[in-house]
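Q: The structure follows.
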Amino acid sequence: MDRPSSETGISEYYESLMSAGQQAAKQFDDALTSAMGIGTGPGKGGDISPMAFAADLQRQYWSQLLGFWKGSFLKSSAAGTQPPRDRRFQDEAWQHSPYYDLIKHSYLLASKQMSDIVDQAQVDDKSKLQLRFYARQFIDAMSPANFPATNPEVIRTAIRTRSASLITGMQNLIEDLQKGRITRVDESAFEVGRNLAATPGTVVFENELIQLIQYTPQTAEVEKTPLVIVPPCINKYYLLDLGAGNSFVEYAVERGFQTFLISWRSAVPEIQRLSWDDYLELGPLKAIDVARDIAKVDKAHALGFCVGGTILSCAAGVLAAKGEDKLATITLLTTMLDFEDTGEIGLLIDQTSVALREATIGSSGILPGKELAFTFGTLRANDLIWRYVVDSYLKGEARDAFDLLYWDSDSVSLPGPMYCWYARNTYLENKIKDRGATTQCGQRIDLSKVKVPIYILASREDHIVPWQSAFRSKDIMGQEPRFVLAASGHIAGVINPPARKKRSHWLNDDLSGEAKDWLDGAEEKPGSWWPDWDRWMKRHSSGTVPAPSQPGNASYQMIEPAPGRYVKQKSN
């Protein structure tokens, strides 16, 4: 078929090309059907087999692609295949250059075809979710924006800088290969203790696993009942103390709380045998006793964030099993107790992977922090991996100074025995919510015996702790529950200082129904949820006392200024 020499017959020419392509696709489909003996003939029950379905998808793919080719050359639009606001394809060349437009839409059509194949896979629901996850990893990795020859920004930058951008990118790549991780932030812009984890305080206790920080009061009087904060043990604690004006710790101190916080130690060889029970006993159970002793009270408020909330809840279960009444309230921030719906992270934890971990590090060993960080990065690969591959390695751009990214890159390693117990009894077997299903610290745990007021915060767009899962905690432990839903995700929903007047949160006192019923009746409030928590805590106040003039007491004296040594240690 000869291409027309003028534009007069170009429409007919591409009509014939499309017709020929459709005919080829039909011939492929007919041949496949004949060869495999598939179809809807007599004796086949009218069902379409997987192979026939695949052939149909192939035909649809070629039909759409040929249609786009025709429309591209006729300068028409192939709308509907590009997701809205896809930052990978924001450069004008992806829209206005026929070459890049063709590459983009070919990729998007192929991605959709792969997704459709996965959606039709005849497997159980969890396997299908796993297939979707791994298919998305492949789809994201194969984006034309990730390759220098098919990214117009990369090519334009290389021309403008006379290849200096490519040289800088290679240097960035070599440095990261030596580090064993992707550098996403200008690490020289931050220092723990200077502009991160900078709220004044003192380490008043330490053991092989934690340091306990007592923060310096900022008010003349403080709440008589101290507040003990249990941050996640898979990240450094200073997510809750990012810097002046962006610190939950700072806010709590300014609101008059006697604030204590656990700083977890990243696993090193001398603690590689520590178990889940050790994390409870050496962590919140000990911290609560120290805070009570220093404040000279019988009870403490306790707050846990993410896995820190799970650890705190189990510690509360141990106290309840022993009949020890040491807690005044519990606050859980983006925490799961019921692991039935774990979001995408649960897809990475199955029987095979847990058994392998148990065989290798179940009795002694370390799960590296870099491995944990990479796993979390894959949950949002386009935002947390490929974006930085393109910017840093292909375009040679300087990294931004962003506190949250610095924190996210400052990973923490875990002892193997602790991690294996956690993975099996939560994500894999979902036991801790069940009465008497686990033994922790020598006690049969029943979280329903924890009878203290509970404040539960979830984030509406959380991809690590689905908010509906956090909502179910109200039926598992505590009394007089208050549930609050913050806007945004796992981190931004929690770290939202009131002064910034950003985002919103939802309130509804009726917790009698399911999560959807609660949201349907909830009222959206502008701004941070922090003041709501403060008001709730003050309703459970035991009164105020003059602020202590010195940290600690005779039994627990100053060890070193905050933030202490443990938080500054780097994991391997």
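The values are calculated or read from the model by the stated rules, or taken from the named source; none is laboratory data. Because the structure is a prediction, the values reported are computed rather than measured. Quick reminder, even Gly has a Cβ in these numbers, built from the backbone with ideal geometry, and neighbours come from all protein chains shown. For accessibility, only protein heavy atoms count, side chains too; no ligands or nucleic acids. Shrake-Rupley method; radii C 1.70, N 1.55, O 1.52, S 1.80 Å.
Q: Among the candidates 491, 476, which residue alone is under 28 Å from residue 258 (Cα atoms) and of a type in the set (A, V, I, L, M)? Don't jump to the end; show me each part of the working.
A: On the way: 476 fails: under 28 Å from residue 258 (Cα atoms).
Going through 491, 476 in turn, the sole match is 491.
Q: Restricting attention to region 358-406, which residues are of a type in the set (S, T, N, Q) and at pLDDT below 90? It would help to see each step written out before you state the result.
A: Going residue by residue through region 358-406, those that are of a type in the set (S, T, N, Q) are 360, 363-364, 375, 378, 382, 392.
Once the filter is applied, which keeps residues that are of a type in the set (S, T, N, Q) and at pLDDT below 90, region 358-406 yields 375, 378, 382.
Q: Sticking with this structure for a sec: Being crowded, with 16+ Cβ neighbours inside 10 Å, part of a helix (DSSP H, G or I) and either of a type in the set (A, V, I, L, M) or under 30 Å from the mean Cα position of the chain (by Cα) (or both) narrows it down to one of 177, 166, so name that one.
A: On the way: 177 fails: crowded, with 16+ Cβ neighbours inside 10 Å.
Residue meeting the stated conditions: 166.
Q: Filter region 523-539 down to the residues that are more than 30 Å from residue 222 (Cβ to Cβ) and over 25 Å from the mean Cα position of the chain (by Cα) and list them by number. Lay out the reasoning, then the answer.
A: Kept after step one, since they are more than 30 Å from residue 222 (Cβ to Cβ), are these residues of region 523-539: 523-524.
Scanning region 523-539 gives a single hit, 523.
Q: Can you confirm whether region 241-253 contains a residue that is β-branched (Val, Ile, Thr), closer than 14 Å to residue 206 by Cβ and buried (at least 22 other Cβ atoms within 10 Å of the Cβ)? Walk me through how you get there before you give the answer.
A: Within region 241-253, the first condition is being β-branched (Val, Ile, Thr), and the residues that meet it are 249, 253.
Checking the rest, the ones that are also closer than 14 Å to residue 206 by Cβ come to none.
Checked region 241-253: no residue is β-branched (Val, Ile, Thr), closer than 14 Å to residue 206 by Cβ and buried (at least 22 other Cβ atoms within 10 Å of the Cβ).
Q: Further question: Can you pull out the residues in region 122-161 that are over 20 Å from residue 386 (Cβ atoms) and free of Cβ contacts under 8 Å to residues at least 40 places away in the same chain? So that I can check it myself, show each step before the final result.
A: Here is the first cut: in region 122-161, the residues over 20 Å from residue 386 (Cβ atoms) are 122-131, 159-161.
If the condition is that a residue be over 20 Å from residue 386 (Cβ atoms) and free of Cβ contacts under 8 Å to residues at least 40 places away in the same chain, then 123, 124, 125, 127, 128, 131, 159, 160 are the ones that fit.
Q: Can you tell me which residue within region 350-393, out of those that are farther than 24 Å from residue 271 by Cα and β-branched (Val, Ile, Thr), is surrounded by the fewest Cβ atoms within 10 Å (Cβ to Cβ)?
A: If we take residues in region 350-393 being farther than 24 Å from residue 271 by Cα and β-branched (Val, Ile, Thr), then 352 is surrounded by the fewest Cβ atoms within 10 Å (Cβ to Cβ).
Q: Kindly indicate whether residue 205 is open to solvent by 20 Å² or more (accessible area, probe 1.4 Å) and in contact with a helix residue (DSSP H, G or I) (Cβ under 7 Å, 6 or more places away or on another chain).
A: Values: open to solvent by 20 Å² or more (accessible area, probe 1.4 Å): yes; in contact with a helix residue (DSSP H, G or I) (Cβ under 7 Å, 6 or more places away or on another chain): yes.
When the stated conditions are applied, residue 205 passes them.
Q: Does any residue in region 340-366 that is without any contact (Cβ under 8 Å) to a residue 24 or more places away in the chain come within less than 8 Å, Cβ to Cβ, of a residue that is of a type in the set (D, E, K, R) six or more places away or on a different chain, and which pairs are these?
A: none
Q: Going by the structure shown, is residue 408 over 30 Å from residue 225 (Cβ atoms), among the acidic types (Asp, Glu) and open to solvent by less than 40 Å² (accessible area, probe 1.4 Å)? Show your work before the answer.
A: Details: over 30 Å from residue 225 (Cβ atoms): yes; among the acidic types (Asp, Glu): yes; open to solvent by less than 40 Å² (accessible area, probe 1.4 Å): no.
For residue 408, the condition - over 30 Å from residue 225 (Cβ atoms), among the acidic types (Asp, Glu) and open to solvent by less than 40 Å² (accessible area, probe 1.4 Å) - is not met.
Q: Which of (1) of a type outside the set (Gly, Ala, Ser); (2) open to solvent by less than 10 Å² (accessible area, probe 1.4 Å); (3) in a helix (DSSP H, G or I) does residue 335 not meet, given it meets every other one?
A: The one condition residue 335 does not meet is (3).
Q: Could you tell me whether any residue of region 323-330 is more than 30 Å from residue 547 (Cβ to Cβ) and not hydroxyl-bearing (Ser, Thr, Tyr)? Spell out the reasoning first.
A: Quick first cut of region 323-330, residues more than 30 Å from residue 547 (Cβ to Cβ) only: 323.
Within this subset, residues satisfying the condition of being not hydroxyl-bearing (Ser, Thr, Tyr) are 323.
Checked region 323-330: at least one residue is more than 30 Å from residue 547 (Cβ to Cβ) and not hydroxyl-bearing (Ser, Thr, Tyr).
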